[in-house]
Amino acid sequence: MQTAFTPAQLDDPDTAHSAGIIRKCVHCGFCTATCPTYVTLGNELDSPRGRIYLIKEMLENDRPADDKVVTHIDRCLSCLSCMTTCPSGVNYMHLVDHARAHIERTYRRPFADRMIRRILALTLPYPARFRASLQLAKLGRPFAGLLDGIKPLKPLAAMLRLAPDHVPSDKVVNAPATHPAKGPRVKRVALLRGCAQSVLDPKINAATIRLLTRLGVEVVVPEGEGCCGALVHHMGQEAPALDFARRNVDVWTRVAAEGGLDAIVITASGCGTTIKDYGHMLRLDPAYAEKAARVSALAKDVTEVLADLDLPLPENETGLVVAYHSACSMQHGQRLTRAPKVLLAQAGFTVRDVPEGHLCCGSAGTYNILQPEIATRLRDRKVANIASVAPQAIATGNIGCMTQIGSGTAIPILHTVELLDWAFGGEKPASLDGVVPVAQPAVAAE
Ligand code: SF4
Ligand code: SF4
């Protein structure tokens, strides 16, 4: 795509980066076929190509964002399916991140939208506040139907509906500690405790610690780390996102200096995509650029670390039919497609792919709160696709997808690592109580 940025505009490193991305787009439109919002809404402006045009026009003309740009960029899930499809290597992720930051700087949102975004930014990344807000949400749930009737407040209704009935205790797991390897140590890793996941489902990191230490990995849950910054980053709030990133970079740099680090293990693929991008996000900060690039290089999804270890034979017979839902941040953001399924098969599960697996489930960080109608259509489509392979359980690697899909199906949905922990010596997850392997059809004797 031809661009017409002036030399003065290109002096700005972010604009220069975006200009390079836009120039790579050859308008072929392959990306439209795999874009969930284009597939759902059928509007070119809700496709990657349409959004690239809108961003180009806005940036080239040094224009503040207007209602039209904001509507179509807000509808983008940042699922990155378009990046997997694009034959020209267009880095849509960096382009839309820049556009969102530009929107945040130049556009005044309506009051209710500003308020809801502020509530999200001030609660979700902070476990104690998030926990308290979930307790409040339980009390407010009966009013969700009422809020549904007031269009600007629909996100509040979505928030109330997504809150779980039960908020797990904050004790025992996820506290800062060093968990020594059982037997000879083969690796030393830091585990991201994170924010929303540690509140919604602390069992995930508990299973990770059990499994890794059993396999000879020392797991450090360091003091001081926190949200990876993705939640505010995707809302265009650049400064707080970079502050979260710097804080984590400092913590992991300290842990690496103290005893060496083979990896930073992440159990939420949405966070993994962002941490793997810290090197880019902090590239213009001389005090952090190098350290951030080192952190990004060390960042690994838990399944990447497990695939690198010598796994023993499974200790427990599992045998369930599992639908593997690959989160967008896993398959498109990190391009991790094989390892989780291979590990589940090694653990004795019968793994089934989900039709239209490239399409987002509608979770996408805060998307299911801010764009509840599109998110619900995508969820229902995902749930129907999952049901079509008749699984006994669903495995995935991202808490956002677990919450979103779990709100639309009664099939148990677990993190991949919980299933692997069970297979390799852990307890059977409680949500699978009573779920037993389906009897295979008997083969008649000759
Ligand atoms: S990130 Fe996803 S929703 Fe956004 S343009 Fe790309 S494919 Fe479409
Ligand atoms: S597939 Fe890539 S090159 Fe083709 S229109 Fe989409 S972003 Fe542009």
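The values are calculated or read from the model by the stated rules, or taken from the named source; none is laboratory data. Everything numeric here is computed off the predicted structure, so don't read it as measured data. Virtual Cβ from ideal backbone geometry, glycine too; neighbours counted across all protein chains shown. Side chains included, ligands, DNA and RNA excluded: accessible areas come from the protein's heavy atoms. Shrake-Rupley method; radii C 1.70, N 1.55, O 1.52, S 1.80 Å.
Of the set (1) of a type outside the set (Val, Ile, Thr); (2) within 15 Å of ligand 2 (Cβ to nearest atom); (3) part of a helix (DSSP H, G or I); (4) open to solvent by less than 50 Å² (accessible area, probe 1.4 Å), all apply to residue 78 but (3).
Counting only helices (runs of 4 or more DSSP H) that sit wholly inside the stretch 110-154, those with at least 3 residues that are closer than 21 Å to residue 227 by Cα and of a type in the set (Gly, Ala, Ser) are 127-140. Taken together, the residues in the stretch 40-49 that are within 16 Å of ligand 2 (Cβ to nearest atom) and crowded, with 18+ Cβ neighbours inside 10 Å amount to 5. Picking from residues in the stretch 94-119 that are farther than 15 Å from residue 21 by Cβ and crowded, with 21+ Cβ neighbours inside 10 Å, the one that is farthest from ligand 2 (Cβ to nearest atom) is 116. Of the residues making up the stretch 1-38, those that are surrounded by fewer than 18 Cβ atoms within 10 Å (Cβ to Cβ) and within 14 Å of ligand 1 (Cβ to nearest atom) are 29, 30, 33. Condition test on residue 355, is it under 27 Å from residue 433 (Cβ atoms) and either of a type outside the set (Lys, Arg) or touching a residue at least 12 places away in the same chain (Cβ under 8 Å) (or both)? For residue 355, the condition - under 27 Å from residue 433 (Cβ atoms) and either of a type outside the set (Lys, Arg) or touching a residue at least 12 places away in the same chain (Cβ under 8 Å) (or both) - is not met. Candidates are the residues of the stretch 51-75 that are part of a loop (DSSP other than H, G, I, E, B) and more than 9 Å from ligand 1 (Cβ to nearest atom); the one that is surrounded by the most Cβ atoms within 10 Å (Cβ to Cβ) is 65. On the given criteria, is residue 33 assigned to a helix (DSSP H, G or I), within 26 Å of residue 362 (Cβ to Cβ) and among the small types (Gly, Ala, Ser)? So residue 33 fits the description; yes. Within the stretch 45-57, residues that are at negative phi and acidic (Asp, Glu) have Cβ atoms under 7 Å from residues that are more than 8 Å from ligand 1 (Cβ to nearest atom) and part of a helix (DSSP H, G or I) in these pairs: 46/72, counting only partners at least 6 apart in sequence or on another chain. Within the stretch 155-178, the set of residues being polar (S, T, N, Q) and either open to solvent by less than 40 Å² (accessible area, probe 1.4 Å) or assigned to a loop (DSSP other than H, G, I, E, B) (or both) comprises 169, 174.
If you go through the stretch 81-93 and keep only what is out of contact with any Leu (no Cβ under 7 Å at 6 or more places or on another chain) and open to solvent by 20 Å² or more (accessible area, probe 1.4 Å), you end up with 83, 84, 85, 86, 87, 88, 89, 91.
Within the stretch 126-150, being of a type outside the set (Gly, Ala, Ser) and either open to solvent by less than 50 Å² (accessible area, probe 1.4 Å) or touching a Ser or Thr at 6+ places or on another chain (Cβ under 7 Å) (or both) holds for 127, 129, 130, 131, 134, 147. When you scan the stretch 15-38, do you find a residue that is closer than 15 Å to residue 98 by Cβ, of a type in the set (S, T, N, Q) and within 16 Å of ligand 2 (Cβ to nearest atom), even just one? So far as the stretch 15-38 goes, yes, one or more of its residues are closer than 15 Å to residue 98 by Cβ, of a type in the set (S, T, N, Q) and within 16 Å of ligand 2 (Cβ to nearest atom).
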